[in-house]
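The values are calculated or read from the model by the stated rules, or taken from the named source; none is laboratory data. Note that the coordinates shown come from a computational prediction; the quantities given were computed from them, not determined experimentally. A quick note on method: Cβ atoms are made from the backbone with ideal geometry, for glycine too, and the neighbour counts reach across all protein chains shown.
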Amino acid sequence: MTKGEETRQFIIEKAAPIFNVKGIAATAMSDIMEATKLSKGSMYVHFENKEVLACAAVDHNMKLLGNKLQSAISKAKTAKGEILAFIDFFNNPLNPPVTGGCPLLNFGTEADDTNPIVKEKVNGGIKFTQQIVENSINKGITNGEFKPDWNASEFAVIVFAMLEGGNLIARTSGNNDKMNIIIKTLKAIIEENSI
């Protein structure tokens, strides 16, 4: 990695949590300058404008979330264990795996009407996340862990929607009570479809 690439990566790593906490619109380049201790000129050498940096920060946050999720799932020895690990990974929105909470929820909510580039990035992240669940269910059906008629793609949508909804409720209410109900419900559905 060249010195320029290192600096660019340093800026992204410092900017990513700021964008995830404050949002794209509310984050100023001065916030990033303060965090990096770099001048405005240095910032603009590496990023044409705030939007370019924001897109890089979105990518970084989603990659960080994805890597941590994959690491948690990889420890499971069965397809059922993978799905349970997936659900448990998101069980405490008040102590999220990525600073500021779920970047899919944060950036998706902000960008749905304002930023088509970020909206598409988040949509790709949602599809990727749902595919993880779908793949584990299909693997479990093949392995004889799950009932053969369990609709993997429908459950993947349900899991994602319920966990993100629970995330929103928990972070706005300041407690995990509703998320605990959601996790209990999801695990009951998994049990119903287990052999």
Exercise. Output the number of residues of the range 15-49 satisfying the condition of being of a type in the set (Ser, Thr, Tyr) and within 25 Å of the chain's Cα centre (by Cα).
Key: 2
Quiz item: Can you tell which of Ala54, Ala28, Ala35 is in contact (Cβ under 8 Å) with a residue 60 or more places away in the chain and aliphatic (A, V, I, L, M)?
Solution: Ala54
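Quick check on Lys178: is it within 14 Å of Leu94 (Cβ to Cβ), out of contact with any Leu (no Cβ under 9 Å at 6 or more places or on another chain), basic (Lys, Arg) and at pLDDT 95 or above? Before the answer, list the steps.
On the way: within 14 Å of Leu94 (Cβ to Cβ): yes; out of contact with any Leu (no Cβ under 9 Å at 6 or more places or on another chain): yes; basic (Lys, Arg): yes; at pLDDT 95 or above: yes.
Spelling it out, Lys178 is indeed within 14 Å of Leu94 (Cβ to Cβ), out of contact with any Leu (no Cβ under 9 Å at 6 or more places or on another chain), basic (Lys, Arg) and at pLDDT 95 or above.
Considering each residue of the range 93-113, count those that are loosely packed, with under 15 Cβ neighbours inside 10 Å, within 17 Å of Ile182 (Cβ to Cβ) and touching a helix residue (DSSP H, G or I) at 6+ places or on another chain (Cβ under 9 Å), and give that number.
Of the residues in the range 93-113, the ones loosely packed, with under 15 Cβ neighbours inside 10 Å are 94-95, 99, 109, 112-113.
Next, from what is left, pick out any that are within 17 Å of Ile182 (Cβ to Cβ): 94-95.
Now drop any that are not touching a helix residue (DSSP H, G or I) at 6+ places or on another chain (Cβ under 9 Å), which leaves 94.
Total meeting the criteria: 1.
In the range 1-14, what residues are over 23 Å from Leu104 (Cβ atoms) and under 22 Å from the mean Cα position of the chain (by Cα)?
Within the range 1-14, the first condition is being over 23 Å from Leu104 (Cβ atoms), and the residues that meet it are 1-8, 10.
Answer for the range 1-14, where residues must be over 23 Å from Leu104 (Cβ atoms) and under 22 Å from the mean Cα position of the chain (by Cα): just Phe10.
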Quiz item: Taking the range 67-78, which residues are touching an Asp or Glu at 6+ places or on another chain (Cβ under 7 Å) and assigned to a helix (DSSP H, G or I)?
Solution: Ile73
Quiz item: Of the residues that make up the range 159-178, is at least one of a type outside the set (A, V, I, L, M) and surrounded by 21 or more Cβ atoms within 10 Å (Cβ to Cβ)?
Solution: yes
